[in-house]
2 protein chains.
Amino acid sequence: MKDDTTHLQNIHPADLADRLERLPSDAAREVLQQLPPAEGAVILAELHTDKAANLLEGFTGGQIVGWLRFLPPHMVADLLFALPVKRREEVLTALPPDQSAVVTALLRHLPDSAGGIMDNRFIAVRADKTVEECLADLRANPEQRTDDVLYIYVTDDAERLVGVVSLRDLVFAPAERRMSDIMNREVRVLHVTDDQEAIARQVHHYHFLGLPVVDERERLVGVVKIRDAIRVAQAEATEDMHLMVGLFGEERIWTPWRHSIAKRLPWLGVNLGTALGAATVVSFFEGTISRWTALVAFLPLICAVAGNAGNQALTVIIRSLALGEVAPGDALRALRKELFIGAGNGVVLALAIGLIAFGWKGSVLLGVVAGTAMLLNQILGALAGVAVPFGLKWCKVDPALASSIFVTALTDTMGFLVFLGLATVALRMFGM
Amino acid sequence: MKDDTTHLQNIHPADLADRLERLPSDAAREVLQQLPPAEGAVILAELHTDKAANLLEGFTGGQIVGWLRFLPPHMVADLLFALPVKRREEVLTALPPDQSAVVTALLRHLPDSAGGIMDNRFIAVRADKTVEECLADLRANPEQRTDDVLYIYVTDDAERLVGVVSLRDLVFAPAERRMSDIMNREVRVLHVTDDQEAIARQVHHYHFLGLPVVDERERLVGVVKIRDAIRVAQAEATEDMHLMVGLFGEERIWTPWRHSIAKRLPWLGVNLGTALGAATVVSFFEGTISRWTALVAFLPLICAVAGNAGNQALTVIIRSLALGEVAPGDALRALRKELFIGAGNGVVLALAIGLIAFGWKGSVLLGVVAGTAMLLNQILGALAGVAVPFGLKWCKVDPALASSIFVTALTDTMGFLVFLGLATVALRMFGM
């Protein structure tokens, strides 16, 4: 086994973490134990938090501390948050008292808030220091040389943030200048309670490499660093994609299938419920269908294309909302645009399905009914694609939440109502 | 109007760009002209490239150069790439010869390759310089103080990259140390032809703040900076979400509706075509349906829930592929997992739809047929959700391409075949 671990040490921690993700938990735990503790700690930090927590659950509090003491407090807090409460307390007791106190303070923040994401290690100096003094201080305190130091924060006597100096500006500034001369006073800050969604939007919108986090008294308490901000932005994109089709939380490809069922089944159940609306509509028109069986073949065409059109509109809006390119107040303007698109696409698709109906079933009436229904359903799809995300946002829930399910339910139910309703009217008028 | 622009100057360029995105092109051009050229240039850089190009098309080559001369070459190249060839050449002629040459060189790379995304400005030093000499050099050459300088690159006589020193390490290192002592020799590089997908994966996987780009002779030619890498990663997420439902290219919420129709209609047409499969299956069973009309109401239930289950599996796999958490070789393992999930969800949903069928239509036989079809369709959905993205990947196209449309087409067609096929068998066996 010696050779094995020597071999493992030549692999980038991110790649090794990747391999561990794919191993069964027991085998992964064995690999973890064979690595030197400091390296094991790096791997744990690289793993997705839920996988890391799953592995740690197989060890005692004392064993866990053997790794955690190599990690900075905010990473320890992230891992502990994912552990069962009992195991978490064991670990907190086994940690050195000062580290334990810092971690306990961080655990007070929700993991997806700025307070939960921030790194509580940062470099703060007073405004009257010169560039030279500041550089000398940095060199004299190499323990401040944490990952990702990009900014020096300037604070006042009450620890309130008054400015920021980038390392770049520090390096290029004349040695005798004071921090107050070179600092940027226009600092964008996050508050500890800000949600990760806000962070993801800021990353996209402004180009920052680290956002300071202040508490309720405007004191600097931490920094959301760029690598964490990227992780958050990617997680937000994943979450939106998942929520749209009804996947709770962050499911990844190696999530055990039992957990996946628990995440997916509830929304499939909701989907079964919403689809009952469409089923009821169809059932209501059984009489029409039994007199005109050719209609049945067109039901899947109507529901597939209108559902897809609704999901196109939905996807554009969900993504624009997530990136902050559109605000809830833009709903009407978005609706107008989507209605134009629905009408435009509808005309072309109506002609297509009309020709298909005539060519296939030889009935002009069926062509007219199917074409008209297609046009109206494209417009309905546009309406649903706009109404669902803005409606969810208005209800103060995530606009992506099961949105694809709701859009499809609307296009199916209304689509069948329009199509079968028109067919019934046509039957009465032309007395077939 | 003076007051207006003074007011505009107090807004963060990213926010001002946001406002311009929402204005009609003429009004946006007017605002652009009223700003001082240097500020207009910053706004142009903040705008989405397609919007910026759209605005620039309304100006002459000479006017355009008035803004572009304030922008770094890689940003100029990005904008020029989006302009019509004729206007692009006008601008290249009007630019100062040296700037024009650099931009022309950058334009040789595809805009979504590492060469097209990289910034060609970086700081390179020789390995035998000391930290002190290096800092003195930096201070003496403030024109090197570009945005986002985070690393100093160490090159040999042939301009080949031999190591990297972060600004952080430079700041914390003793003044007399040589670059060769403190540099990191294990440098991950991109090649100019690498696709943006590779960049997005690297951002997620490794935590880097700037990736050096080398040419075919391994010479350092540029750096993909973190802000561009984030933009690329976000654009990749958007693209995947869009491609899944059949949206070509990057459509945003303020894309004019005529352009949106051009992007969406082709895939709705494909969808109409694929849905014809399902329609044909239904049509084939018209005889069964006319003898057992209660079946019709269950068609939408079958297609909605199986389609959604397929899309859940699809979404997890697309996102995992994009983030590099799963490789094409993992297809079988992913399939096994999804089949377990499909069977598990299938059993529960089969019971539910069976009870609905019995309670609603009072037929045990319908309950058994619908329940069995639901179970089989959940398994089919799992199969489709795995087969489509891995199949597309195997065909060397983007695994997200219209994948949701293909999955739904498969679940609809096969789902109706299973459901109506079972119903036909049941009718024969129990002779209703």
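The values are calculated or read from the model by the stated rules, or taken from the named source; none is laboratory data. Values in this document were obtained by computation on a predicted structure and should not be read as measured data. Methodologically, a virtual Cβ is constructed for each residue, glycine included, from the backbone with ideal geometry; neighbour enumeration extends over all protein chains shown.
Values computed for the structure shown
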| item | result |
| --- | --- |
| Which listed residue is within 12 Å of another protein chain (Cβ to nearest Cβ) and in contact (Cβ under 8 Å) with a residue 60 or more places away in the chain, from B:186, B:236 | B:236 |
| Every residue from segment A:389-420 that is over 29 Å from the mean Cα position of the chain (by Cα) and β-branched (Val, Ile, Thr) | A:413, A:418 |
| Residue check, residue B:304 modelled with pLDDT under 90 and closer than 26 Å to residue B:238 by Cβ | no |
| Condition check for residue A:332: more than 19 Å from the chain's Cα centre (by Cα), among the hydrophobic types (A, V, I, L, M, F, W, C) and farther than 25 Å from residue B:241 by Cβ | no |
| In segment A:273-296, the residues that are facing chain B (nearest Cβ under 7 Å) and in contact (Cβ under 8 Å) with a residue 60 or more places away in the chain | A:275, A:278, A:282, A:289 |
| Hey, residue A:70 outside any helix (DSSP H, G or I) and surrounded by 15 or more Cβ atoms within 10 Å (Cβ to Cβ) or not | yes |
| Number of the condition not met by residue B:247 [criteria: (1) more than 8 Å from chain A (Cβ to nearest Cβ); (2) touching a helix residue (DSSP H, G or I) at 6+ places or on another chain (Cβ under 6 Å)] | (1) |
| Helices (runs of 4 or more DSSP H) contained entirely in segment A:95-197, each with at least 2 residues that are among the aliphatic types (A, V, I, L, M) and over 18 Å from residue A:210 (Cβ atoms) | A:97-107, A:131-140 |
| Selection from segment A:89-109 of residues that are among the basic types (Lys, Arg) and buried (at least 21 other Cβ atoms within 10 Å of the Cβ) | none |
| Condition met for residue A:270 (more than 7 Å from chain B (Cβ to nearest Cβ) and modelled with pLDDT of 80 or more) | yes |
| Segment B:363-402, subset farther than 26 Å from residue B:197 by Cα and of a type in the set (Val, Ile, Thr), residue modelled with the lowest pLDDT | B:364 |
| Long-range neighbours under 9 Å by Cβ, at least six apart or interchain, first residue more than 20 Å from residue A:303 (Cβ to Cβ) and surrounded by 23 or more Cβ atoms within 10 Å (Cβ to Cβ) within segment A:409-432, second at pLDDT below 95 and not charged (D, E, K, R) | none |
| Condition met for residue B:260 (at the interface with chain A (Cβ under 7 Å from one of its Cβ atoms) and surrounded by fewer than 23 Cβ atoms within 10 Å (Cβ to Cβ)) | no |
| Residue check for residue A:159: more than 18 Å from residue A:190 (Cβ to Cβ), assigned by TED's automatic domain parsing to the domain that holds residue A:213 and either modelled with pLDDT of 85 or more or loosely packed, with under 15 Cβ neighbours inside 10 Å (or both) | no |
| Pick from segment A:336-388, criterion more than 11 Å from every other protein chain (Cβ to nearest Cβ) and under 30 Å from the mean Cα position of the chain (by Cα), ranking: surrounded by the most Cβ atoms within 10 Å (Cβ to Cβ) | A:384 |
| Qualifying residue in segment A:247-256 (condition: surrounded by 18 or more Cβ atoms within 10 Å (Cβ to Cβ), touching a Leu at 6+ places or on another chain (Cβ under 9 Å) and in contact (Cβ under 8 Å) with a residue 24 or more places away in the chain) | yes |
| Total residues in segment B:317-356, condition free of Cβ contacts under 8 Å to residues at least 12 places away in the same chain, over 17 Å from residue B:398 (Cβ atoms) and either assigned by TED's automatic domain parsing to the domain that holds residue B:238 or in contact with a Ser or Thr (Cβ under 9 Å, 6 or more places away or on another chain) (or both) | 4 |
| Yes/no for residue B:401 being farther than 19 Å from residue A:271 by Cα, in a loop (DSSP other than H, G, I, E, B), more than 12 Å from chain A (Cβ to nearest Cβ) and in contact (Cβ under 8 Å) with a residue 40 or more places away in the chain | yes |
| Scan of segment A:207-220 for residues that are out of contact with any Pro (no Cβ under 9 Å at 6 or more places or on another chain) and either closer than 18 Å to residue B:231 by Cβ or buried (at least 18 other Cβ atoms within 10 Å of the Cβ) (or both), ordered by number | A:207, A:208, A:209, A:210, A:211, A:212, A:213, A:214 |
| Those residues of segment A:230-246 which are more than 10 Å from the chain's Cα centre (by Cα) and crowded, with 23+ Cβ neighbours inside 10 Å, in sequence order | A:244, A:245, A:246 |
| Condition check for residue A:57: surrounded by fewer than 17 Cβ atoms within 10 Å (Cβ to Cβ), of a type outside the set (S, T, N, Q) and in contact (Cβ under 8 Å) with a residue 12 or more places away in the chain | yes |
